[in-house]
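Enquirer: Could you have a look at this structure, given as structure tokens, before my questions?
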Amino acid sequence: MKFIGQGLIEQAAELLDGSEESYEQAITEMEKEQPVLLSYFFTDNFKVFTQKENEYILYLILVIWKALGLSGESVPDVTELQLSQAEGHNWERLQGVKAKGFHERLNVFFDNYPQEDLLAFVEDALAEEEEEEMPLVTKEGREAIFVSLKSAIDCLTGWKPETVEK
């Protein structure tokens, strides 16, 4: 899959921010085209997040998915097995990190990753919340949300850990 840059990500966000109708339409389209992926964000694992966090996660995955669609590339259908494997791999990588800070802990995911702008979009979206008085995302939820969205990006772009050159 070709590189999804900041421009496509911003364009996707603008489309979703245009109106409530365009947002609802995107959810309906994603439900048809990526039912497994959409339902993943409504599993029991996501009940630990607040309502605001879940709404924000949905918005972020819609932006990611829309940006991929705007690239003109075909986006593979995501399966439960792929999601499970990607999530397991990402948690495993994060567990090996000794750093304490949110940004420093995420550095492990950026090395040789072909969709760096998508990861940076997620990291920035979660980091922006740090400065807010009433953040949408709790400090406790940030890493888990990042791993979930990173796993979705992995599946949507067809990236597999074994494709990384050592």
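Enquirer: If a residue has to be surrounded by fewer than 19 Cβ atoms within 10 Å (Cβ to Cβ) and either modelled with pLDDT of 90 or more or not in a helix (DSSP H, G or I) (or both) to count, how many in segment 137-166 make the cut?
Expert: Qualifying residue count, segment 137-166: 10.
Enquirer: Take the residues in segment 89-103 that are touching a helix residue (DSSP H, G or I) at 6+ places or on another chain (Cβ under 9 Å) and among the small types (Gly, Ala, Ser); name whichever of them is modelled with the lowest pLDDT.
Expert: 96
Enquirer: Could you list all residues from segment 1-22 that are outside any loop (DSSP other than H, G, I, E, B), over 21 Å from residue 77 (Cα atoms) and without any contact (Cβ under 8 Å) to a residue 60 or more places away in the chain?
Expert: Selection gives 7, 10, 11, 13, 14, 15, 16, 17, 20, 21, 22.
Enquirer: Only one of 107, 112 is surrounded by fewer than 17 Cβ atoms within 10 Å (Cβ to Cβ), closer than 16 Å to residue 159 by Cα and over 15 Å from the mean Cα position of the chain (by Cα). Can you tell me which?
Expert: Only one candidate passes the filter, namely 112.
Enquirer: Which ones in segment 72-83 are polar (S, T, N, Q) and modelled with pLDDT under 95?
Expert: 74
Residues are listed down the side, and each one gets a yes or a no for (1) exposed (fewer than 12 other Cβ atoms within 10 Å of the Cβ); (2) touching a strand residue (DSSP E or B) at 6+ places or on another chain (Cβ under 9 Å); (3) part of a helix (DSSP H, G or I); (4) hydrophobic (A, V, I, L, M, F, W, C):
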residue	(1), (2), (3), (4)
57	no, no, yes, yes
66	no, no, yes, no
73	no, no, no, no
82	no, no, yes, no
92	yes, no, yes, no
125	no, no, yes, yes
134	yes, no, no, yes
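The values are calculated or read from the model by the stated rules, or taken from the named source; none is laboratory data. Given the structure is predicted, the values throughout are model-derived calculations rather than measurements. Virtual Cβ from ideal backbone geometry, glycine too; neighbours counted across all protein chains shown.
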